[in-house]
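K.L.:
Take a look at this one; I'll ask things after.
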Amino acid sequence: DAAGMLIMPGGIDPHTHMQMPFMGTHSADDFYTGTRAALAGGTTMIIDFVACPRGDSLMDWYNKYRAWADEKVCCDYGLHVIVPQWGDKTANEMATLVKEKGINSFKCFMAYRNVFLLEDDEMLNVFQACRKLGAVAQVHAENGKIIERKAEQLVADGIRGPEGHSYSRPEAMEIEATTRALAIADEANCPLYVVHVMSAEAGEAISKARRRGQVCYGEPIAAGLACDNSSYQHTCWRHAAGHVLSPPLRDPSTKERLWRMLATGELTCTGTDHCVFKADQKALGKDDFRRIPNGVNGVEDRMSVLWEKGVETGILDPCQFVAATSTNAAKVFNLYPQKGRIAVGSDADIVVWNAKETRTISAKTHHQNVDFNIFEGMVCHGIAEFVISGGRLVVDERQLKVTQGAGRFVPMPAFPPYVYNRLEKREAAKSAGTVAVARDAYDGPVIDLKAEQERQKAVAKEQPGAAGGGGGPEAAAENVFHRPPTRGGGRHMQESSFSLSGAQFDDTKPARSGIRTHQPPGGASSGSLW
C-alpha cells in the first residue's frame, strides 16, 4: 500500500569501497553488511572500486573482488577499476576488462604517492586508452606531492591531530588538480568523471569546462553536502578522526554552493565514498594524522540526507532528486534504462518513499558496520518504507528481509550513449579545425650545429682572454668589448663588460685609495643649506 507515498527508482551509489585494503587494514563493511545497509536506506545498486595495488595485475584483483562480492551481495553491484600504474600490460588488461568483463570506467589518483598516484603523462595514457575503449575516466583530484610536503611540515611543527589532515589538504590543492585533470582529459578527448567534489571552486572548474563543451561530470558526496570542516576542531579525538576523508570537508559555505551546482546540473551524480573504519582502526593514527585511515559512512544515509537537505529546503524537486541519486549515474555508466527508471523491461528496483515521516540518524540504530556516524543526530524527512530489489521485497515496512548472495554483478557496456554520442560529434568538430597548412617547402640553408660548435671552439682558442681561455687582466680587457665604437667614438652602451673569467675592464689601472667629492651621498657634512 503506497497511498500518500512516492514511488521512485532504487538509488544507485556510484562510489563505495567495501572491504577495501587501505593503509594496512580493510574497510569495516564487507559486501554483505555494506549492501544490506544500502538497501535499508533505499539504494538498490552500488558501484564499487577494484583497488589494485601498484605492481599487481588488474585482472587478478578484478577476479578477487568478484569472488568477495558474488557470494555476499544483497543487491546488484558493478565495478570500477583503479589504475595504479601504466604500461603495456595495464593497457592490455584494460582492454580485456572492457571487452570481456563488463567494466567501462577506470579511476586515476593524483594523490597517495607510491600507492596509487599517477604522473601527468601516465594519466594521459590512461585517458587515451579509455577514449579508445569507450570507457569513462575517473579521477581523485588532489595535488598529492604538495600535500605530502605540507603534512611533513605540520608534523615537524607539532601538529599531529586530525586537524592536521585538513590543514595539509587545502582547497587550492583540489582546485589545481581538478583543473589539471580537466586539461589532460580535454587533450585526450576523453570523458572525465571527477569523484567526491568537495571544493566549490573545483566544482566551478568542472562547470566552466562543461560550458566550453567538454564532456565531464562532477560527483559531490553526501558528507560534503551535509557536513563541514568544523568537526576537525572537535576536542574529542575520535569525533574528529571519524570525519577524516580525502579530500577533507570544507568550510560551511561550501555546502550551499555545491547544492546550487547540483540543482542546476553543473554537478551530475551523488555518491558517498562509503569507506568505514571502526574506532580501533582510526586509532592507527592517534599520534600522527597521516596514519588515520581515510573514510566515512553514507551508503545507508545518502537518500534521506539528500532529501532533507535538498528537497525539504526547496533546492531540488523530487524528479531532480531521482536524477541525482539514480538516473544520472545509470546514464553515465551505461546502465540506463535497465536501471534508474521504472518501466516495463527495466529491473524491478523500486522504492516506496515516505516523504512525510522523519527518522533520526544514529550509529546505535544504523545497519552500517561501524561505531560512528558523521550524520549523528540529524533528523531527516524521507524514509524507505518498502524496497524492492530485483523483484524481491527486501524492506517491508522498514524491516530488512535480505538474502546474502541474492544480488548479482551487472556488466556496464562500453560507449555509454549519454556520454559518447556528444563526445564523438565534438571530436569530429575539433579535428576539422586541426589541418596542415599548405605552403612551399623551405629550401634555404640549415645550420650545421656540429660545425658551429667546432667554429666556436676555434675562436675561443684564438682569443686567450675570452671566456674559457687563458690570459690575464690585460687579455681580458682587450677582448671584453666586441661591438665597434659609436659614430662619436664612444663605447657602445648596449655592450656588456661581463666576462666569465671575472676580469674587469679597469683591472690594469692602479687601485685608488680614495675619491674626493664635494657633495657626498646625503649631502655635505658642513656648511649651510642656504
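The values are calculated or read from the model by the stated rules, or taken from the named source; none is laboratory data. In this text, all values refer to a predicted model and were calculated from it rather than measured experimentally. Neighbour counts are summed over all protein chains in view; Cβ atoms, including those assigned to glycine, are modelled from backbone coordinates with ideal geometry. Surface accessibility is based on the protein's heavy atoms, side chains included, excluding ligands, DNA and RNA. Shrake-Rupley method; radii C 1.70, N 1.55, O 1.52, S 1.80 Å.
K.L.:
I'm trying to understand the selection: among the residues of region 133-154, which are hydrophobic (A, V, I, L, M, F, W, C) and either open to solvent by 20 Å² or more (accessible area, probe 1.4 Å) or not in a helix (DSSP H, G or I) (or both)?
P.N.:
The first filter runs over region 133-154 and keeps only residues hydrophobic (A, V, I, L, M, F, W, C), leaving 133, 135-137, 139, 141, 146-147, 151, 154.
Matches in region 133-154: Leu133, Ala135, Val136, Ala137, Val139, Ala141, Ile146, Leu154.
K.L.:
From the list Ala226, Ala222, which one is open to solvent by 10 Å² or more (accessible area, probe 1.4 Å), in contact with a helix residue (DSSP H, G or I) (Cβ under 6 Å, 6 or more places away or on another chain) and not hydroxyl-bearing (Ser, Thr, Tyr)?
P.N.:
Details: Ala222 fails: open to solvent by 10 Å² or more (accessible area, probe 1.4 Å).
The conditions single out Ala226.
K.L.:
Could you check region 414-428 and list, in sequence order, the residues that are of a type outside the set (Ser, Thr, Tyr) and open to solvent by 70 Å² or more (accessible area, probe 1.4 Å)? Walk me through how you get there before you give the answer.
P.N.:
Quick first cut of region 414-428, residues of a type outside the set (Ser, Thr, Tyr) only: 414-417, 419, 421-428.
Result: Phe415, Asn421, Arg422, Glu424, Lys425.
K.L.:
Please verify whether region 425-432 includes one or more residues that are at pLDDT 90 or above and among the charged types (D, E, K, R). Before you say what the answer is, go through the steps one by one.
P.N.:
At the first step, the residues of region 425-432 found to be at pLDDT 90 or above are none.
No.
K.L.:
Now for a different question. Of all residues in region 57-111, count the ones that are part of a helix (DSSP H, G or I) and closer than 17 Å to Val126 by Cα. Show your work before the answer.
P.N.:
The initial filter retains those residues of region 57-111 that are part of a helix (DSSP H, G or I), namely 58-70, 88-100.
Then drop every residue that is not closer than 17 Å to Val126 by Cα, which leaves 58-59, 88-99.
Number satisfying all stated conditions: 14.
K.L.:
Here's a follow-up. Do any residues in region 211-228 that are without any contact (Cβ under 8 Å) to a residue 60 or more places away in the chain have Cβ atoms under 9 Å from those of residues that are in a strand (DSSP E or B) and small (Gly, Ala, Ser), where the two are at least six apart or on different chains, and which pairs are they?
P.N.:
Pro220/Gly271
K.L.:
Can you tell me how many residues within region 65-81 are in contact (Cβ under 8 Å) with a residue 24 or more places away in the chain, surrounded by fewer than 20 Cβ atoms within 10 Å (Cβ to Cβ) and over 22 Å from Ala330 (Cβ atoms)? If you could, list the steps in order and put the result at the bottom.
P.N.:
Step one: filter region 65-81 for residues in contact (Cβ under 8 Å) with a residue 24 or more places away in the chain, giving 66, 68-81.
If we keep only those that are surrounded by fewer than 20 Cβ atoms within 10 Å (Cβ to Cβ) as well, we get 66, 68, 70-71.
Retained after the next criterion (residues that are over 22 Å from Ala330 (Cβ atoms)): 68, 71.
Number satisfying all stated conditions: 2.
K.L.:
Name every residue in region 24-56 that is open to solvent by 10 Å² or more (accessible area, probe 1.4 Å), touching a residue at least 40 places away in the same chain (Cβ under 8 Å) and in a loop (DSSP other than H, G, I, E, B), in order of residue number.
P.N.:
Residues of region 24-56 that are open to solvent by 10 Å² or more (accessible area, probe 1.4 Å), as a first pass: 24-26, 28, 30, 32-33, 36, 40, 53-56.
So of that shortlist, the ones also touching a residue at least 40 places away in the same chain (Cβ under 8 Å) come out as 24-25, 28, 30, 32-33, 36, 40, 53-54.
Scanning region 24-56 gives Gly24, Ala28, Asp30, Pro53, Arg54.
K.L.:
Also, quick follow-up: Looking at Asp371 and the list (1) assigned to a loop (DSSP other than H, G, I, E, B); (2) in contact (Cβ under 8 Å) with a residue 40 or more places away in the chain; (3) over 29 Å from Cys236 (Cβ atoms), which single condition is not satisfied?
P.N.:
(3)
K.L.:
Report, by residue number, each residue of region 290-301 that is within 21 Å of the chain's Cα centre (by Cα) and open to solvent by less than 10 Å² (accessible area, probe 1.4 Å). Quick ask: steps written out before the conclusion?
P.N.:
From region 290-301, those within 21 Å of the chain's Cα centre (by Cα) are 290-299; that's our starting set.
Selection gives Ile292, Pro293, Gly295, Val296, Asn297, Gly298, Val299.
K.L.:
Another question, then. Take region 86-108 and flag every residue that is touching a Gly at 6+ places or on another chain (Cβ under 8 Å) and either modelled with pLDDT under 95 or surrounded by 23 or more Cβ atoms within 10 Å (Cβ to Cβ) (or both).
P.N.:
Once the filter is applied, which keeps residues that are touching a Gly at 6+ places or on another chain (Cβ under 8 Å) and either modelled with pLDDT under 95 or surrounded by 23 or more Cβ atoms within 10 Å (Cβ to Cβ) (or both), region 86-108 yields Val98, Asn104.
K.L.:
Tell me which of these Ala283 doesn't satisfy, since it passes every other one: (1) touching a residue at least 60 places away in the same chain (Cβ under 8 Å); (2) of a type outside the set (Lys, Arg); (3) out of contact with any Cys (no Cβ under 6 Å at 6 or more places or on another chain); (4) within 25 Å of Ser27 (Cβ to Cβ).
P.N.:
It is condition (1) that Ala283 fails.
Listed here are the residues, each with its yes/no results for (1) surrounded by fewer than 21 Cβ atoms within 10 Å (Cβ to Cβ); (2) touching a His at 6+ places or on another chain (Cβ under 8 Å); (3) modelled with pLDDT of 95 or more.
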residue	(1), (2), (3)
Gly203	no, no, yes
Gly213	yes, no, no
Tyr232	no, yes, yes
Arg238	yes, no, yes
Leu258	no, no, yes
Thr268	no, no, yes
Cys275	no, yes, yes
Lys278	yes, no, yes
Asp287	yes, no, yes
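K.L.:
Can I ask one more? Scan region 296-351 residue by residue and report those that are under 23 Å from Val136 (Cβ atoms), not hydroxyl-bearing (Ser, Thr, Tyr) and not in a helix (DSSP H, G or I).
P.N.:
Hits for region 296-351 are Gly298, Val299, Phe333, Asn334, Leu335, Pro337, Gln338, Lys339, Gly340, Arg341, Asp347, Asp349.
K.L.:
I would also like to ask the following. Could you list, in sequence order, all residues of region 109-132 that are open to solvent by less than 10 Å² (accessible area, probe 1.4 Å), farther than 15 Å from Ile147 by Cβ and in contact (Cβ under 8 Å) with a residue 60 or more places away in the chain?
P.N.:
Met123, Phe127, Cys130
K.L.:
Consider Gly158 against the criteria (1) over 30 Å from Thr96 (Cα atoms); (2) part of a helix (DSSP H, G or I); (3) not hydrophobic (A, V, I, L, M, F, W, C): it satisfies all of them except one. Which criterion is unmet?
P.N.:
All conditions pass for Gly158, except number (2).
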